[in-house]
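Student: Before anything else, here's the structure in question.
The values are calculated or read from the model by the stated rules, or taken from the named source; none is laboratory data. Computed from a prediction, not measured in an experiment: that's the story for all the values here. No Cβ is skipped: glycine too gets one built from the backbone with ideal geometry, and neighbour counts run over all protein chains shown.
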Amino acid sequence: MSFRSYSNRQTTLERDIVLKGAGVHSGAEVSLILHPAEANSGYNFYVSGGKNAGHIPGDFRSVTNLTLCTVISGAGGASVATVEHLLSALRGMGIDNADIEVDGNELPILDGSAEPFVAAIEEAGVRELDEARRYIKILRPVAVTDGGSIGEIFPYDGFRLDIEIDFPTPLIGRQRIDLDVTPASFKKHLSRARTFGFMKDVKQLWAAGRALGSSLENTVAIGEDRILNPEGLRYPDEFVRHKTLDAVGDFALAGAAILGLYRSKRPSHKLNSLMLHALYENRDAWTVVEAADKTRRHYVSPRADFGIAFATPNFAPENA
Ligand SMILES: [Zn+2]
């Protein structure tokens, strides 16, 4: 199928994808295998090596740490770190369902962007499944704040991100992007944007035994008065594009594609996660719809009975 627009049917990968590399925080080498998965299964992680093997649902309620990257953990104690760029590639490229197997506790950072995952997805191909694609449709605005960070989600016929950052260094400054996220726009405008860090912070992290896998091969390093990477930037505003890529990955933990506009100033993984929690705590702010008419892109019809079907383990309120 084409990557140009979202299909009205759910998708998965056509075949397995194997990727190898080191985690940016642990420096540990891992093998990552992405497998095709059934409709309505979403993203599921299976840790087959490292500490505490087991299953972790790719769900916002699995998030256990957001300090430096997104860490998710399962009921059995398995955990996996730095899931955000892979999830961004899957959601961004319109892959609804995938089983993700990794023999360690952190995904490989590769080049620090989503591009290697996108290339692998394109190489494997996309399989359309029989079931209609599901969406979380935003019905009214919901807002969250966290320190100086602001997030708000609005009804919108599509998935649109309006992201602004403001760093007090002329090397970044104020940058904003407002983009309808489709597989084509994701690949072109977001997927190649790399993670970034300030050299002074990286040195502190190294001293503390963290960020052990970070290097100019996978991070845009910001020095006192210049970008330290000899190749320079991939986009003039690569920083805000990476923050937008991260938001796509964080929202991939929503359980289904979102029909809404997320507008954020100074977003972080934490803010994006708070946004999802706030959204789901307001039961009148969203509903689940499924794509109905194959001839009209983004056309979706509410299905009253879907609210019940939605109460599957993937979406159920906290198991209480
Ligand atoms: Zn990132």
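Student: Looking only at region 98-157, which residues are aromatic (F, W, Y) and in contact with a Lys or Arg (Cβ under 8 Å, 6 or more places away or on another chain)? Working first, answer last.
Tutor: Looking only at region 98-157, we keep the residues that are aromatic (F, W, Y), and these are 117, 135, 154, 156.
Within region 98-157, just F154 meets the criteria.
Student: Go through the residues of region 44-59 one by one and say whether even a single one is within 13 Å of the chain's Cα centre (by Cα), under 24 Å from L161 (Cα atoms) and in a loop (DSSP other than H, G, I, E, B).
Tutor: The answer is yes, given that some residue of region 44-59 is within 13 Å of the chain's Cα centre (by Cα), under 24 Å from L161 (Cα atoms) and in a loop (DSSP other than H, G, I, E, B).
Student: Taking the conditions exactly as written (within 27 Å of T219 (Cα to Cα), in a strand (DSSP E or B) and of a type in the set (V, I, T)), does I72 satisfy them or not? Please lay out each step first, then the result.
Tutor: On the way: within 27 Å of T219 (Cα to Cα): yes; in a strand (DSSP E or B): yes; of a type in the set (V, I, T): yes.
Here the answer is yes, as I72 does meet what is asked.
Student: Which of the residues that make up region 137-190 are outside any strand (DSSP E or B), of a type outside the set (G, A, S) and within 26 Å of N282 (Cα to Cα)?
Tutor: L139, R140, P141, P155, Y156, D157, V181
Student: Of the numbered conditions (1) within 16 Å of the ligand (Cβ to nearest atom); (2) farther than 21 Å from D237 by Cα; (3) hydrophobic (A, V, I, L, M, F, W, C), L161 satisfies every one except a single condition; which is it?
Tutor: Going through (1) within 16 Å of the ligand (Cβ to nearest atom); (2) farther than 21 Å from D237 by Cα; (3) hydrophobic (A, V, I, L, M, F, W, C) one by one, L161 breaks only (2).
Student: Select from region 34-87 the residues that are of a type outside the set (A, V, I, L, M) and within 16 Å of the ligand (Cβ to nearest atom) and list them in ascending order. If you could, list the steps in order and put the result at the bottom.
Tutor: Let us first name the residues in region 34-87 that are of a type outside the set (A, V, I, L, M), namely 35-36, 38, 40-46, 48-52, 54-55, 57-62, 64-65, 67, 69-70, 73-74, 76-77, 79, 82, 84-85.
Residues satisfying the conditions are N65, T67, C69, T70, T82, E84, H85.
Student: Restricting to region 198-233, count the residues that are in contact with a helix residue (DSSP H, G or I) (Cβ under 9 Å, 6 or more places away or on another chain), within 14 Å of the ligand (Cβ to nearest atom) and at pLDDT 90 or above.
Tutor: Going through region 198-233 one residue at a time, the tally reaches 2.
Student: Pull up region 244-272, narrow it to residues that are within 21 Å of A98 (Cβ to Cβ) and among the small types (G, A, S), then point me to the one that is nearest to the ligand (Cβ to nearest atom).
Tutor: It comes out as G249.
Student: For region 102-123, give me each residue that is of a type in the set (A, V, I, L, M) and surrounded by fewer than 20 Cβ atoms within 10 Å (Cβ to Cβ).
Tutor: Answer for region 102-123, where residues must be of a type in the set (A, V, I, L, M) and surrounded by fewer than 20 Cβ atoms within 10 Å (Cβ to Cβ): A119, A120.
Student: Would you confirm whether or not region 6-25 contains a residue that is free of Cβ contacts under 8 Å to residues at least 60 places away in the same chain, of a type in the set (S, T, Y) and over 19 Å from S273 (Cβ atoms)? Step through it out loud before you land on a result.
Tutor: Step one: list which residues in region 6-25 are free of Cβ contacts under 8 Å to residues at least 60 places away in the same chain, which gives 18.
Within this subset, residues satisfying the condition of being of a type in the set (S, T, Y) are none.
No; the residues of region 6-25 include none that is free of Cβ contacts under 8 Å to residues at least 60 places away in the same chain, of a type in the set (S, T, Y) and over 19 Å from S273 (Cβ atoms).
Residues are listed down the side, and each one gets a yes or a no for (1) over 17 Å from the mean Cα position of the chain (by Cα); (2) polar (S, T, N, Q); (3) surrounded by 15 or more Cβ atoms within 10 Å (Cβ to Cβ):
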{"position": "F159", "(1), (2), (3)": "no, no, yes"}
{"position": "D166", "(1), (2), (3)": "yes, no, no"}
{"position": "R176", "(1), (2), (3)": "yes, no, no"}
{"position": "P183", "(1), (2), (3)": "no, no, yes"}
{"position": "A193", "(1), (2), (3)": "no, no, yes"}
{"position": "K200", "(1), (2), (3)": "yes, no, no"}
{"position": "L205", "(1), (2), (3)": "yes, no, yes"}
{"position": "T219", "(1), (2), (3)": "yes, yes, yes"}
